């Protein structure tokens, strides 16, 4: 099979598409014929080996797993003898959980992993794009931020994948949502349901006098220090980026004051918890309460270009990798 591999940390030039052995499912595994995957910021961090904390998962001196990719959508190609949840031909989507490997034509996953069938009428690219951001935004808002109907919620980076699905999920939970984005993405963020949109090139949301119950920084471009004054009493500052600042403020705010600073390694949560999140997301997809936002599509052969685009930090929604197969 074809796979995008890397054997050393560095630039997108470290990536190359090579022939590797197609995996064989174990008794409790399914073999997925991957049709679509995603390039996300986690892939960039793993490829760079930066921040250094990423190497505790990917390998201290060199990558332990040469294939990146944490989300996938495709067809069940084969199943192990003990598998009962899926059968060959099922259209599925989900996340790889504790290992990467979806930037390839095939991948084996445990049947009890974070995997479910694609809603009727939805394309592979659409399904995988929603997994990309929604599986991060959901636990941040629901478990960390304890979001409630009627609350005032600000999403910084509202046009990105995590931020875009954060806007949609916050509206689903009944919040009044303010999105922060650049001038070219204002209409997109409005279309996702934001009640108010702030153009960061014209206005600093930390200095406009407004207050929010939750400030969700989905791009790590702010800080608790800057946002503390715009939080209401009992408010939460949430960030997806494990900076030195958030590592200091998390334990401090847990015992001092009534405004909390939090982050979460959502990809490291127990599989059974992530399964429940995926079930919630699938139901919202079926109800039409969240919709896909796809920026660009690249072939596997163009994986390096996809990395360059995501690394530039200006993507809207998800960047998709489409897989070509020799059906014969």
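Here, each number is a calculation from the coordinates, and none is a lab measurement. As the structure is a computational prediction, the values presented were derived from the model and not from experiment. Every residue, glycine among them, receives a Cβ derived from its backbone with ideal geometry; neighbour counts consider all protein chains shown.
Structure remark: mean-square fluctuation, Gaussian network model of the chain, C-alpha springs under 10 Å; the largest value among 184, 239, 24 belongs to 184.
Largest GNM mean-square fluctuation among 61, 114, 99, using the chain with Cα springs under 10 Å: 61.
Only Cα sites of segment 149-298 enter the Debye sum here, all with the same form factor; the resulting log10 I(q)/I(0) across q = 0.11 1/Å is -0.43, listed in q order.
Only helices enter the 222 nm calculation for the chain: every DSSP H run of n ≥ 4 contributes -39,500 (n - 2.57), and dividing by all residues gives -8000 deg cm²/dmol, rounded to 500. Taking the longest Cα principal axis of the chain as reference, the axis of helix 124-139 is set at about 40 degrees. Computed over segment 182-270, the percent of Cα pairs more than 20 Å apart is 41. Quick note on segment 244-328: its Rg to Rh ratio, both from C-alpha atoms and Rh being the Kirkwood radius, is 1.11. Within the listed set 207, 104, 158, the residue fluctuating most in the Gaussian network model of the chain (springs between alpha-carbon atoms under 10 angstrom) is 207.
With the convex hull drawn over the C-alpha atoms of segment 94-185, the volume per residue is 142 Å³.
From most to least packed by mean Cβ count within 10 Å, the peptides 27-40, 275-288 give 27-40, 275-288. Here the mean projected area of the convex hull built on the C-alpha positions of segment 1-55 is 5.0 nm². With q set to 0.14, 0.17, 0.19 Å⁻¹, the log10 of I(q)/I(0) for segment 34-164, from the Debye formula over equal scatterers at the Cα positions, is -0.73, -1.00, -1.14. List the residues of segment 276-303 whose backbone N lies under 17 Å from a point placed 7 Å from the Cα of residue 85 along the Cα-to-Cβ direction. Only 276-283 fall inside the zone, counting backbone N under 17 Å. With the alpha-carbon atoms of the chain aligned to their principal axes, the span from lowest to highest coordinate is 62, 43, 39 Å, starting with the largest. Taking other C-beta atoms within 10 Å as the exposure proxy, 86, 216, 52 rank 52, 86, 216 from fewest upward. As a rough guide to protection, the peptides 242-254, 188-200, 129-141 ranked by mean Cβ packing within 10 Å, highest first, stand as 129-141, 188-200, 242-254.
Subtracting the Cα-Cα distance of residue 271 and residue 248 from their residue separation scaled by 0.36 nm leaves 5.5 nm.
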